[in-house]
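Everything below concerns the one structure shown next.
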Amino acid sequence: MHDMTAKKAALVAYEPHPNFAKWHRLFPTTAWMRRKAPRNVPRFAFEYGDTGAGNDVGIAHNWAAFDAIKITPRYGLVVTPPPVEVELFGRRYSAPIGIAPMGGPSLVWPGADILMAKAAQRARVPYTLSVAGGATIEEAAQNAPDVFWLQLYRFWRDDHKIGFDLVRRAQAVDAKVLALTLDVPVRTTRSRETYAGLAGEFHPTARMIYEMMVRPKWLWALLRHGYPRFATVSEYARARAGTNEVIRFARANMGGAFTWEEVKRYRDKWKGKMAVKGVLHPADAEKAVSLGIDGVWVSNHGGRQIEALTPSIDCLPAIVAAVGKKATVLLDSGVRSGQDVMRALALGADAAFAGKSFLWAVAALGDEGPAQLIDLYIDELRASLGQIGAHSPAEARMATIRHPGAIDFSVAKSAARPRRDKR
Ligand SMILES: Cc1cc2nc3c(=O)[nH]c(=O)nc-3n(C[C@H](O)[C@H](O)[C@H](O)COP(=O)(O)O)c2cc1C
């Protein structure tokens, strides 16, 4: 009974923000937000949030892969913009759209973590806090009680002492989903972040100080929301440790990819729904599901690891074919519009997530940015589904799709090669 009431509440909760029309006129798509963002925030902050690995070719591939997917509609049906509520991991959300975990978003816009959490709660869509984010698990959960998900990196030291303590804290605040990120086995270089002076510890140069001084809106946000920090991690470092000490602490305690054995250990500790993030190969998706994982989050980290990674959207159909009946399939990397969300749904995803575009939104519009972007995605998704004759997100799968980049793993070269699962 209680569950039914909660489900109904989620269904009626979504209303666009009162300022939606005003902002929509100024920023009709995310491209407008991205264009405006560097004019409001210090250059190093914009570069940190916007950069890809190497020369950004991975980002370009992600975008091109989405753009290449074409849908042929059918007409002759009565269609109005359809409702877009969905059920994910047994809970209702207003739309199959979520905020992907991001470390350090408060650098791009001070307070960004909590602004995103609040916006997601308001709209009833998933908000994922990164363990490297600028709010603690408890702060984020308090601001997004119905939609709070937590993402973890691998804190391996002392037999995962910190990792398992993070699981305990997530359990205590009733996080709805725990996601383990698999796709950062090594540290790589993001060139624009490096050039901007942010590739390691934070030592503001004269240039960076100048960049801050000429961005009064950002400085005002800094005054209101406070200095960016690695809030969750800093709780394990020395009391009152400065930012650089926390960075050094995190590097000494965290790193590498979770092994399948470790995934299983976290699965056994965590009592709720659990996903693995960063999967691109259907065999990895199958392995995760065989260990009791409920969700497979198809992602190439938004092109931020190396440029050569396959666009996640091109891996999606094979992963849906492999595990779609047994697990929830989520997708991110390259989503920039409601049309992209529709493309992901049409190819079998249960929901799509976005990272960078939320940083463009908060940098371009300030505190209202995240709420505005959620509304924009929902508005565009409803229009896109209506246009192809779908009466619901699930009906997008019935569309006629041309997807030239889709990977056929049965003929892909590596299929014949043995792979070591243990080391
Ligand atoms: C600034 C930034 C920080 C990120 N930090 C994390 C992180 O801490 N953990 C994680 O799993 N993914 C992280 N990601 C990747 C996102 O969760 C997501 O996979 C990616 O941004 C999606 O692609 P998109 O940016 O094209 O939407 C980060 C992305 C960005 C842009």
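The values are calculated or read from the model by the stated rules, or taken from the named source; none is laboratory data. Owing to the predicted nature of the structure, the values given are computational and were not obtained by experimental measurement. Here Cβ is always computed from backbone atoms with ideal geometry, including for glycine, and neighbour counts include all displayed protein chains. Just so you know, the surface numbers come from the protein's heavy atoms only, side chains and all, with ligands and any DNA or RNA stripped out. Shrake-Rupley method; radii C 1.70, N 1.55, O 1.52, S 1.80 Å.
By its C-alpha gyration tensor, with a ≥ b ≥ c as the square roots of the eigenvalues, how is segment 309-394 shaped: rounded for a/c under 1.5, else prolate for a/b larger than b/c, else oblate? It is oblate, given that a/c is not under 1.5 and a/b is not larger than b/c. Computed with a 1.4 Å probe over protein heavy atoms only, the accessible area of Met116 comes to about 0 Å².
For the residues Ile407, Ile374, a 1.4 Å probe over the protein chains yields an accessible-area ranking, largest first, of Ile407, Ile374. When peptides 241-254, 130-143, 72-85 are ranked by their average number of other Cβ atoms within 10 Å per residue, the highest-first order is 130-143, 241-254, 72-85.
Mean-square fluctuations from a GNM of the chain, with a 10 angstrom spring cutoff on Cα atoms, peak among Ser94, Ser312, Ser410 at Ser410.
Per residue of the chain, the DSSP helices (runs of n ≥ 4 H) give a summed -39500 (n - 2.57) that works out to -13500 deg cm²/dmol at 222 nm. Greater than 27 Å separation of Cα atoms is the criterion. Which listed pairs, Lys36/Lys70; Lys36/Lys277; Lys271/Lys326; Lys118/Lys277; Lys118/Lys264, meet it? From Lys36/Lys70; Lys36/Lys277; Lys271/Lys326; Lys118/Lys277; Lys118/Lys264, over 27 Å: Lys36/Lys70; Lys36/Lys277; Lys118/Lys264.
By DSSP, the beta bridges lying fully in the chain are antiparallel in about 20 percent of cases.
Shape class for segment 247-371: oblate, because the ratio a/c of the largest to smallest gyration tensor axis (alpha-carbon atoms, square roots of eigenvalues) is 1.5 or more and b/c is at least a/b.
These residues, Arg397, Arg336, go from largest to smallest accessible area, 1.4 Å probe, as Arg397, Arg336. Other residues within the sphere of radius under 12 Å centred on the Cβ of Ser333, judged by their own Cβ, net out at 0 (K and R +1, D and E -1). Charge tally around Ile293: other residues with Cβ under 11 Å, Lys/Arg +1 each, Asp/Glu -1 each, net +3.
Comparing Ala68, Ala390, Ala318 in a Gaussian network model of the chain (Cα springs below 10 Å), the most mobile by mean-square fluctuation is Ala68.
Determine the shape class of segment 60-153: with a ≥ b ≥ c the square roots of the Cα gyration tensor eigenvalues, call it rounded for a/c under 1.5, and otherwise prolate if a/b is greater than b/c, oblate otherwise. Cα axes put segment 60-153 in the oblate bin. Taking only the Cα atoms of the chain, the radius of gyration and Dmax are 20.5, 66 Å. By the equivalent-ellipsoid construction on the alpha carbon gyration tensor, segment 23-65 comes out with semi-axes of 21, 16, 5 Å, ordered largest to smallest.
Springs join every pair of Cα atoms under 10 Å in this Gaussian network model of the chain, and among Ala172, Ala327, Ala206 the largest mean-square fluctuation is at Ala206.
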